[in-house]
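The values are calculated or read from the model by the stated rules, or taken from the named source; none is laboratory data. Since the model is a prediction, treat every value here as computed from it, not as a measurement. We place every Cβ from the backbone using ideal geometry, glycine too, and count neighbours over all the protein chains shown.
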Amino acid sequence: MSKIYYGGQAVMEGVMMQGPHGKAIACRKEDGTIVYRIRELRPPKERYPILGWAVVRGCASFFFSMKSGVQDLTWSAAQVGESEEETLTTKDLVLAVVAALALTFVFFVALPVWLGTLVYPYIGGFGRSLLEGVLRLTLFLGYVLIIRRMPEIKRLFAYHGAEHKTINALEAGAMLEPDAVRAYSRIHTRCGTSFILMVMVLMILIFTFIGQTQGAWGRIGIKLLLMPLIAGLSYELFRLPLRFPKSRLVKLLVAPGLAMQRLTTADPDDGQLEVAIAALIHVPDFEFTDQIPEPEICEEQKEEPEQEEAPKQGAEEHAKQTPLPKSEQEEEC
């Protein structure tokens with residue numbers, strides 16, 4: 001039987017955890033209670049086997065992760081406000097996501113290409129690709145250094161650290177309790193930060209030989225068209241630590257991403273660890289052991305879930321107000 005791997009992401013005042021059969025988000029509200037969103041998911045490759053092929057699976061995973069990641073952040077952001085005035089509306093969230101995507105395109109795609117094109121006649125194709133990559137990495141690093149000073153982002157990064165510590169503890173066979181989980185590293189080899197850096201490095205290598213057009217817009221268009229391929233190749237590199245965990249070459253390859261995680265994670269407090277652990281043990285079909293006893297589940301969480309065909313990750317009415325199937329529920333326990 002193959003080993004089961006869990007992953008996740010930090011959300012606003014909470015953590016999303018996902019396993020092979022579903023995902024759970026645990027989010028702490030301002031009154032101290034924890035609300036959950038639990039969904040059973042059917043991997044797309046079970047219905048479309050082609051999505052399990054090498055490289056193709058990376059493209060699919062990247063797309064589905066982006067989609068569900070935005071959905072999870074949107075849901076968690078809606079839970080943070082205690083009053084109606086503080087709670088973000090759907091319109092506010094959509095505008096925020098659109099603005100974020102637009103800024104990402106301008107600063108991490110368009111700006112490096114335009115600057116690289118200006119000096120292309122003097123530095124050639126490789127020089128332009130290298131300059132674009134260095135600019136992109138510098139902008140990304142600067143962006144992280146700036147936002148990590150914001151109080152809300154500091155807490156988000158602490159939940160990111162809680163997610164990593166909890167998964168590291170699980171994979172080490174430790175008790176899933178804050179006192180035990182606290183001792184584990186907040187760095188993890190399967191973090192999306194490593195994936196982002198791999199994408200940046202591959203973009204330098206691939207676009208040294210492809211897309212050497214004179215115009216900036218043509219090069220931007222080629223980059224966007226080839227992004228699925230780059231995401232697919234990066235995903236295969238991203239999975240190498242699972243296949244070759246003791247390889248020195250693989251450790252060298254992932255080292256920059258691990259170092260970057262020291263900026264995108266922070267040491268969590270016990271309350272944040274509690275939320276991360278709660279998210280993990282509420283993942284559908286989570287396997288409980290003597291070291292990980294099954295918790296008491298409130299009655300609403302015992303409802304039969306609806307199985308849903310959905311992407312890798314991933315209602316708004318509170319469960320105590322309008323009972324929902326487990327696949328779409330939020331509860332306070």
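If I ask for residues that are over 20 Å from the mean Cα position of the chain (by Cα) and among the polar types (S, T, N, Q), which ones from segment 122-166 would you list?
Hits for segment 122-166 are Ser129, Thr138.
May I ask you to list the residues in segment 96-122 that are hydrophobic (A, V, I, L, M, F, W, C), under 17 Å from Thr208 (Cα atoms) and exposed (fewer than 14 other Cβ atoms within 10 Å of the Cβ)?
Leu118, Val119
Given the conditions (1) in a strand (DSSP E or B); (2) farther than 24 Å from Cys59 by Cβ, which single one is not true for Arg39?
All conditions pass for Arg39, except number (2).
Which pairs turn up if I take residues in segment 201-216 that are of a type in the set (Ser, Thr, Tyr) and look for partners that are modelled with pLDDT under 80 with beta carbon separation below 7 Å, at least 6 apart in sequence or on another chain?
Cβ pairs passing all conditions: none.
Return the only residue of Gly221, Gly232 being modelled with pLDDT under 90, surrounded by 19 or more Cβ atoms within 10 Å (Cβ to Cβ) and small (Gly, Ala, Ser). Give the steps one after another, and end with the answer.
Values: Gly221 fails: surrounded by 19 or more Cβ atoms within 10 Å (Cβ to Cβ).
Unique residue meeting the criteria: Gly232.
Being small (Gly, Ala, Ser), surrounded by 16 or more Cβ atoms within 10 Å (Cβ to Cβ), assigned to a loop (DSSP other than H, G, I, E, B) and in contact with a helix residue (DSSP H, G or I) (Cβ under 9 Å, 6 or more places away or on another chain) is the requirement here; does Ala279 meet it?
Working: small (Gly, Ala, Ser): yes; surrounded by 16 or more Cβ atoms within 10 Å (Cβ to Cβ): yes; assigned to a loop (DSSP other than H, G, I, E, B): no; in contact with a helix residue (DSSP H, G or I) (Cβ under 9 Å, 6 or more places away or on another chain): yes.
Answer is no for this residue.
Which members of segment 49-90 meet the condition of being over 30 Å from Pro228 (Cβ atoms), at pLDDT below 80 and not in a loop (DSSP other than H, G, I, E, B)? If you could, list the steps in order and put the result at the bottom.
Step one: filter segment 49-90 for residues over 30 Å from Pro228 (Cβ atoms), giving 78-89.
Filter once more, keeping what is at pLDDT below 80: 80-89.
Hit for segment 49-90 is Val80, nothing else.
Do any helices (runs of 4 or more DSSP H) entirely within segment 150-224 hold 2 or more residues that are among the aromatic types (Phe, Trp, Tyr), and if so, which?
151-171, 192-209
Would you check which residues across segment 162-185 are in contact with a helix residue (DSSP H, G or I) (Cβ under 9 Å, 6 or more places away or on another chain) and within 15 Å of Gly7 (Cβ to Cβ) and list them? Please lay out each step first, then the result.
We begin by selecting, within segment 162-185, every residue in contact with a helix residue (DSSP H, G or I) (Cβ under 9 Å, 6 or more places away or on another chain); these are 162-170, 174-185.
Once the filter is applied, which keeps residues that are in contact with a helix residue (DSSP H, G or I) (Cβ under 9 Å, 6 or more places away or on another chain) and within 15 Å of Gly7 (Cβ to Cβ), segment 162-185 yields Ala162, Glu163, His164, Lys165, Thr166, Ile167, Asn168, Ala169, Leu170.
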